[in-house]
Amino acid sequence: MVSFIHDVLLDLNSGDEKFSEITFILPNKRSGVFLKTELGNLLDETAFAPAIISIEEFVEHLSELKNISNTELLFEFYSVYSKLTKKELLEPFDSFSKWAQILIQDFNEIDRYLIPQEKIFDYLSAIKDVEHWSVQQDQTELVKNYLSLWKNLHLYYDEFSNNLKQKKAGYQGLIYREAVNNIQSYIQSNEKKSHVFVGFNALNTAEEMIIQELLENGLAKIYWDIDDHFLSKKNHDAALFARQYKNNWNYFNHNSYNWIISNYTKEKNIQVIGIPKNVGQAKYIGSLLEKLHKKNTQLNNTAIVLGDEKLLIPVINSLPEKLDAINITMGLPLKSIPLASLFENLFHLHKNKTNLAVHYQDIVNVLSHSFARPLFIKGKTDYANLIIEDIQKHNLIYVSPERLKQTAVNQSEAIDLLFGNWYDNPTVSIQNCQQLIQKVKDYYNENKKDHILALEYLYRFNEVFNQIKFFLEKYNCIANIKTLFGLFKELLNNESLDFRGEPLQGLQLMGMLESRVLDFETVIISSVNEGILPAGKSNNSFIPFDVKIENNLPTYKEKDAVYSYHFYRLLQRAKNVFILYNTEPDAIKGGEKSRFITQLEIEGIHELHHILISPKVPPISNTQITISKSELIMNRIKEVAEKGFSPSSLTSYIRNPLDFYYQKILRVKQYEDVEETVASNTLGTVVHNTLEDFYKPLIGHFLTIETLKGLKKKIEKTVTFHFKDIYKE
């Protein structure tokens, strides 16, 4: 198989240009590694490496602005919002962030597609007026405040963008708009520089203008990767953007369109495999790789492309142990790491804390966590287990830190750190979280070799809290633990733990977007279901559909076309393709196979081999469990008999002798949870014991009215005694 990158380099090498003088611009950084390797294999002599950058890096260079994180953008926007909004109308940061993220995304789209801002903001304001019946004179204060936000949208945008530009920073759309403004000055100062754009598909308006300007001035070449089969069919979405550029760009009126290839119609082995559940797909990928590994131990030209990136962990756990090398391009989301749940439990505990006492379930959740447990192990004593047993034994519902210290002697520091008062103060909360990380780190450092991964988790989370600390000190708008928890979850959603691997060796495991520009002989694509590939209709925007159409902003139609291009591009040069989909109709995003599979069937170009996989269920033989009555067991039965058999124990013996054996003979007790309200069996035991106290002394005597009147006076005292005995504290 000859890759697209190899073809591009061969074409350039046949011309007069020197590679060292070219700037290669690619859709992502990852493809640059493969380009550099291909270039090294192509050249016979030593030469300076060319500049290889992503489109985002190139645009940042043009705009002279630095891209900042979504979280920092949110804080910058809140500063602008606070400045321009009346104090009585000002929303706290946690409620502001819910709608501000969508608004920033809309700003981003408007700028990337170079839409005149004033026009579209006035349009949006007018739409909101109509939606809320603004023609009525007696508007409520709520409606007036809501509409004032939309009327001032242009002011917010101007202040926000100007504020960012002063700081030499910006979001992606603002960077693109500034890059377009600076393209002419860039061309004048780089008249001899050569640019090569490789493997692009869906360009925004700003990218189109930048690339066209460089092409028209003879400073660039562009190489597309589109198959003639898609381009020749007017309704095929895989070539939706390629057709537009070929027909609409003036440059292609007098220059050739490089390249239109014919690889898709070549013979391919395509298997379409239906598998129940996502975990089933992960397990099947593992078994499929074992078969491929027997044929080719290297798997250098094999890629697993995850349609749904949530399958990352199940797939990693299903990989065969025989694999020598694997490269994972995706990061492990921090929210999926076990340590995340410990901090979520802690924030939940302190966010809902109304007084010094803590609900028992919150305590149990924290103490049962694998990262908190080491703090309570001293020698052979597990103080966390002692605390949990004490809570169950005394039926404690709300427990104070002081009570915990009485149970776990010499554990005051750890108890104060986890369950002490955080005073609803974000600064104190961050300090305690970082102290907790340090203490757990000290414990794991005693045996580093066995805890390398855990120490990596701790390091990464310490970085997250340092980020929060930076935002807290710089912007000062996090007022309480609830807001802090919201920010923590936001960072967890955006941050990931990167895998280390050799990017050019072995099996490649990647998401759909990471596959851009790359080619593989064997491709395994998972989760090819509607709602995943393609993603389908989703409108996370304040801009209505008709307004997007009028202003040439992308809608779900264009987004589906992007997925279509990536899917079919993976198939273009591949020889073996395995398309997996979830057959289960009860899955949230599964059940219906993707339209891409149906399209392949209708085209009829390739013979599709359909397979339905069902999980292997091992045969389980029903063997009777027999327990012989040894001398020890008989002695234990006699002990129980001397105390007497209760009706429930006799019922247990008749219905399921094994339960009787475990509970009465082996004394294996069921886990007893804390009773927050009196359970029916507890109430029954109290009544039973009270009646036993009343009537046991009267065995062999006749009941008289005087006796019953005497017992009636003892009811409250006896019932209270047994409640304290059975229900505990």
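The values are calculated or read from the model by the stated rules, or taken from the named source; none is laboratory data. Keep in mind the model is a prediction, meaning the values are calculated, not measured. Neighbour counts are summed over all protein chains in view; Cβ atoms, including those assigned to glycine, are modelled from backbone coordinates with ideal geometry.
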Inset, instruction - Go through (1) crowded, with 18+ Cβ neighbours inside 10 Å; (2) aliphatic (A, V, I, L, M); (3) out of contact with any Asp or Glu (no Cβ under 9 Å at 6 or more places or on another chain) one by one and return the number of the condition Ile313 breaks. - result: (1)
Legend entry - Flag for Tyr444 being part of a helix (DSSP H, G or I) and either without any contact (Cβ under 8 Å) to a residue 40 or more places away in the chain or surrounded by fewer than 20 Cβ atoms within 10 Å (Cβ to Cβ) (or both): yes
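Just to be sure before I move on: is Tyr186 assigned to a helix (DSSP H, G or I), closer than 24 Å to Ala561 by Cβ and hydroxyl-bearing (Ser, Thr, Tyr) in the structure I sent?
no
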Legend entry - Filter result for the condition that a residue is at pLDDT 90 or above and within 26 Å of His236 (Cβ to Cβ), over Ile613, Ile597: Ile597
Inset, instruction - Among what's in region 528-554 and is over 22 Å from Ile104 (Cα atoms) and not small (Gly, Ala, Ser), pick the residue that is surrounded by the fewest Cβ atoms within 10 Å (Cβ to Cβ). - result: Glu530
Legend entry - Top-ranked residue of region 146-163 - restricted to ones that are surrounded by fewer than 15 Cβ atoms within 10 Å (Cβ to Cβ) and polar (S, T, N, Q), ranked as modelled with the lowest pLDDT: Ser148
Legend entry - Unique residue being at pLDDT below 85, surrounded by 11 or more Cβ atoms within 10 Å (Cβ to Cβ) and touching a helix residue (DSSP H, G or I) at 6+ places or on another chain (Cβ under 9 Å) when the list is Val687, Val668, Val674, Val640: Val674
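Taking region 6-21, which residues are touching a residue at least 24 places away in the same chain (Cβ under 8 Å) and more than 38 Å from the chain's Cα centre (by Cα)?
Hits for region 6-21 are Leu10, Asp11, Leu12, Asn13, Glu17, Lys18, Phe19, Ser20, Glu21.
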Inset, instruction - Determine which member of the set Ile637, Ile597 is aliphatic (A, V, I, L, M) and closer than 30 Å to Gly307 by Cβ. - result: Ile597
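Pick out the one residue from Asn395, Asn421 that is in contact (Cβ under 8 Å) with a residue 60 or more places away in the chain and at positive phi.
Asn395 is the lone residue from the list that is in contact (Cβ under 8 Å) with a residue 60 or more places away in the chain and at positive phi.
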Legend entry - Filter result (touching a Leu at 6+ places or on another chain (Cβ under 7 Å) and in a helix (DSSP H, G or I)) within region 377-400: Ala384, Ile387, Ile388
Legend entry - Test for Glu91: is it buried (at least 16 other Cβ atoms within 10 Å of the Cβ), out of contact with any Ser or Thr (no Cβ under 6 Å at 6 or more places or on another chain) and not in a helix (DSSP H, G or I): yes
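Looking only at region 491-511, which residues are part of a helix (DSSP H, G or I) and surrounded by fewer than 16 Cβ atoms within 10 Å (Cβ to Cβ)?
Asn493, Asn494, listed by residue number.
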Legend entry - Residues that are touching a helix residue (DSSP H, G or I) at 6+ places or on another chain (Cβ under 9 Å) and not in a strand (DSSP E or B), drawn from region 593-614: Ser594, Arg595, Phe596, Gln599, Leu600, Glu603, Ile605, His606, Ile613, Ser614
Inset, instruction - Could you tell me which residue of region 316-329 is surrounded by the fewest Cβ atoms within 10 Å (Cβ to Cβ), considering only residues that are in contact (Cβ under 8 Å) with a residue 40 or more places away in the chain and not in a loop (DSSP other than H, G, I, E, B)? - result: Ile316
Inset, instruction - Looking only at region 515-526, decide whether some residue is assigned to a loop (DSSP other than H, G, I, E, B), on the phi > 0 side of the Ramachandran plot and in contact with a strand residue (DSSP E or B) (Cβ under 8 Å, 6 or more places away or on another chain). - result: yes
Inset, instruction - Inspect region 569-577 for any residue being under 25 Å from the mean Cα position of the chain (by Cα), assigned to a helix (DSSP H, G or I), assigned by TED's automatic domain parsing to the domain that holds Gly280 and on the phi < 0 side of the Ramachandran plot and give the result as yes or no. - result: yes
Inset, instruction - Please name all residue pairs, on different chains or six or more residues apart, with Cβ atoms under 9 Å, provided the first residue is in region 471-500 and is within 22 Å of Val80 (Cα to Cα) and the second residue is assigned to a loop (DSSP other than H, G, I, E, B) and among the acidic types (Asp, Glu). - result: Ala479/Asp424; Asn480/Asp424
Inset, instruction - Need at least 3 residues that are at positive phi and out of contact with any Pro (no Cβ under 8 Å at 6 or more places or on another chain) per element, so show me which helices (runs of 4 or more DSSP H) inside region 194-295 make the cut, counting only ones lying wholly within it. - result: none
